[in-house]
C-alpha cells in the first residue's frame, strides 16, 4: 500500500511537472527553493517506494515513509490553521483534489500505516534474533 502511495505521488508530480511547479510557487517557500524541492521531493518518494520493495532496505524505507508522512501531515495542519494564510494544496494527481480535511485524514491513515509497519517490522526482526 505504501509502495503504491509513494510511486503514485512521485509519478503524478513528474508527469504533470509544470502543474506541480506552479503549485509549489503558491506555497510559502522562498523562490530559490522551489526548483530544488520540485526535484528532491519526487526523487525521495521514488527512493522511499524502492526501499520498501527490498527486505534489506524495508526498515529504512518505513522510517523515511514515517518522516515524510509526519512532515506532510504537519504541513496540512499548519495550512488548515492558516499559519501561512490561504494556500492551495501542492499535491499532484487525485490527492491534490482533496479538501484539506479529507487530506488530513488520508495522511493520518497512511502515517499510521507507516508507523505500524515500522513497529511490526521491529517486532518481527526481534523474534528472529
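Worth pointing out:
- Residue in segment 72-90 that is buried (at least 18 other Cβ atoms within 10 Å of the Cβ), within 13 Å of the chain's Cα centre (by Cα) and in a loop (DSSP other than H, G, I, E, B) present: yes
- Within segment 91-105, the set of residues being surrounded by 16 or more Cβ atoms within 10 Å (Cβ to Cβ) and assigned to a helix (DSSP H, G or I) comprises 95, 96, 103, 104.
- When the residues of segment 55-71 are filtered to those that are touching a residue at least 12 places away in the same chain (Cβ under 8 Å) and under 21 Å from residue 20 (Cβ atoms), the one that is surrounded by the most Cβ atoms within 10 Å (Cβ to Cβ) is 65.
- Hey, residue 112 assigned to a helix (DSSP H, G or I) and crowded, with 16+ Cβ neighbours inside 10 Å or not: no
- Residue within segment 100-121 that is closer than 23 Å to residue 22 by Cβ and modelled with pLDDT under 90 present: yes
- For residue 27, the conditions (1) touching a residue at least 12 places away in the same chain (Cβ under 8 Å); (2) under 22 Å from residue 110 (Cα atoms); (3) not in a helix (DSSP H, G or I) are fulfilled apart from (2).
- Yes/no for residue 13 being assigned to a helix (DSSP H, G or I), touching a residue at least 60 places away in the same chain (Cβ under 8 Å) and surrounded by 12 or more Cβ atoms within 10 Å (Cβ to Cβ): yes
- So residue 42, is it touching a residue at least 24 places away in the same chain (Cβ under 8 Å), outside any helix (DSSP H, G or I) and either surrounded by 12 or more Cβ atoms within 10 Å (Cβ to Cβ) or over 11 Å from the mean Cα position of the chain (by Cα) (or both): no
The values are calculated or read from the model by the stated rules, or taken from the named source; none is laboratory data. None of the values given here were measured: they were computed from a predicted structure. Don't worry about glycine lacking a Cβ; one is built from the backbone with ideal geometry, like all the others, and counts go over all protein chains shown.
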